[in-house]
Structures are given as C-alpha cells and as structure tokens.
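Note sheet for the following structure.
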Amino acid sequence: MTRTKLCGLTRERDLDAAIDAGADMVGVVSRVPIETPRELAPDRAAALVDRIPDSVTSVLVTMPETPDEGAALVERVAPDAIQVHGCSPAEIEELSERIAVPVIAGVDAVDDDLDDYATVTDALVLDSTDEQGAGGTGETHDWARARKIVADLDAPVLLAGGLTPENVASAVETVAPFGVDVSSGIEDQQGTGTKDHAKLQRFVARVSGEPLRA
Ligand SMILES: O=C(O)c1ccccc1N[C@@H]1O[C@H](COP(=O)(O)O)[C@@H](O)[C@H]1O
C-alpha cells in the first residue's frame, strides 16, 4: 500500500477535506526562510495539528537554522513527525536526539549523499528543491533515478516534487515509493496555498487505485 501525504494545508476546510479523502499523513508548513503562501505562524500550525485525528499522521514541515530551533518548534506545534529541509545529516542527528517524534528529511533528488541522510532519519522526502533546500516547487525530477534510490536506500522514501492527480499513478508505478507527497499539485491555482478539494480527492483515489469516495 502506497501512503499518501497531503501537504501545505493552511485552512481548516482543506485539512478536513484531506482527512475525509483518506490521506495517511497531512502537513503544515511553519518557520521557513522563503516566500511561500503555505507558511503558517507556529500558533496557527499548532491549531491545525490539534484538529487532526490520531488515525492520521500530522507532519510539521520546517527549515530550522539550528537543532534547538527545530526542537522548540516541535514542542510548540506538537506534531506526530517533523519534516526538515535544508539541514545536514549531523544537524538532523542532533535534532533527533532532542525530540521524541520521528524526523523526516526533505532532500533533493539529485543529491549524492542520500545514504548519509538515510542513516540518521526515519524517512526521506525525495523532492525537487530550490537553492535553499526548500520544497513546494511543483517541479518533477527524474523518476528512473528515483526508483533506483528507493530500491537502494535503507529508509522509507516519500516521492515528492510536481505530483498531480494526473501523474501520480504513473509515478507510483515507476518509482514504487513507500509513499507520495503533494502540495502545489492539489492547489486551486498553483502557488495560492489553498486546496482544490476535487483535486485532492482525485489524487488520493489515484494512489489507492480505488474509485472516488462519495
Ligand atoms: O510547500 C512549501 O512551501 C515548502 C516550503 C519549504 C519546505 C518544503 C515545502 N514543501 C514541501 O514540498 C513537497 C511537495 O512539493 P510540491 O508538490 O512540488 O509542491 C512537500 O514535501 C512539501 O512539504
């Protein structure tokens, strides 16, 4: 079974739609040093996380400057897992030692040090990142290379980067990841930070291969 993570949720109604659609994981973005419409203040991120039922994994997506900053944000937002972008393996190892929740590393699919991340994290998000390591770019990457990474790495890999309801079934077939992760591809217009509920339902249905829920 391929897990589905729907990310960059900014509104209660989008979060509820993601949960109703059957997402396994849902993500909120907070404290990132880039311009993104998906960024929430920590208290707002905490309020959304508080709404998520135990059956769905809440993921805090962030780009901490230091492990201390990441640990403080986890304490404030109280997610089930933290996804960090732009961190070195050493910083991730230090963060893991300070918190009680799993750490997911957001990494660029073209990097060649992914083994170093796999040894210190609970999972990887294999993404198309910008020069600061941020995701949410809406860009796909080389899925043939991604398939090899998934097969070779000793850690669960979530495939991200430019996934949409239209291409996700093909991505799953080509890459065979542990899970898939989407943000901009289910927005009403790319880059708005608000989700199109029909798109997110279609995305989850295409991953599971099940007919759309009523
Ligand atoms: O979404 C963002 O703005 C963001 C900012 C900083 C770090 C990560 C971010 N998003 C992550 O990007 C992938 C999916 O991106 P997309 O589907 O290509 O838009 C996902 O893991 C988000 O958590």
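All of the numbers you see were taken from the coordinates with simple rules; none came from a lab. Here the structure is a predicted model, which means the values were calculated and not measured. Every residue, glycine as well, gets a Cβ built from its backbone with ideal geometry; the counts of neighbours run over all protein chains shown.
Structure notes:
- Summing charges over neighbours of Lys195, with a neighbour being any other residue whose Cβ is under 9 Å away from its Cβ, gives -1 when K and R count +1 and D and E count -1.
- Restricting the range 1-79 to GluC sites (Glu not before Pro) in coil, as DSSP defines it, with at most 15 other Cβ within 10 Å: Glu35, Glu65
- Cβ charges +1 (Lys, Arg) and -1 (Asp, Glu), total dipole of the chain, debye: 1020 debye
- Magnitude of the charge dipole for the range 126-214, about its Cα centre and with charges confined to Cβ atoms of Lys, Arg (+1) and Asp, Glu (-1), is about 360 debye.
- Taking Cβ atoms as reference points and 13 Å as the exclusive limit, the residues near Ala78 contribute a net charge of -3, counting Lys and Arg as +1 and Asp and Glu as -1.
- The Cα trace of the range 3-208 gives Rg and Dmax of 15.3, 41 Å, the first to one decimal, the second as a whole number.
- Charge-dipole axis of the range 114-214 as Lys and Arg at +1 and Asp and Glu at -1 on Cβ define it, positive-most pick from Val204, Ser183, Val150: Val204
- The chain: calculated mean residue ellipticity at 222 nm from DSSP helix runs of at least 4, using -39500 (n - 2.57): -10000 deg cm²/dmol
- Size of electric dipole in the range 1-77: Cβ of Lys, Arg +1 and of Asp, Glu -1, about Cα centre, debye, nearest 20: 200 debye
- Within the range 65-214, DSSP assigns beta bridges of which about 5% are antiparallel (rounded to the nearest 5).
- Looking at the range 118-214, the trypsin sites (Lys or Arg not before Pro) that sit in a DSSP loop and have at most 13 other Cβ atoms within 10 Å of their own Cβ are Arg213.
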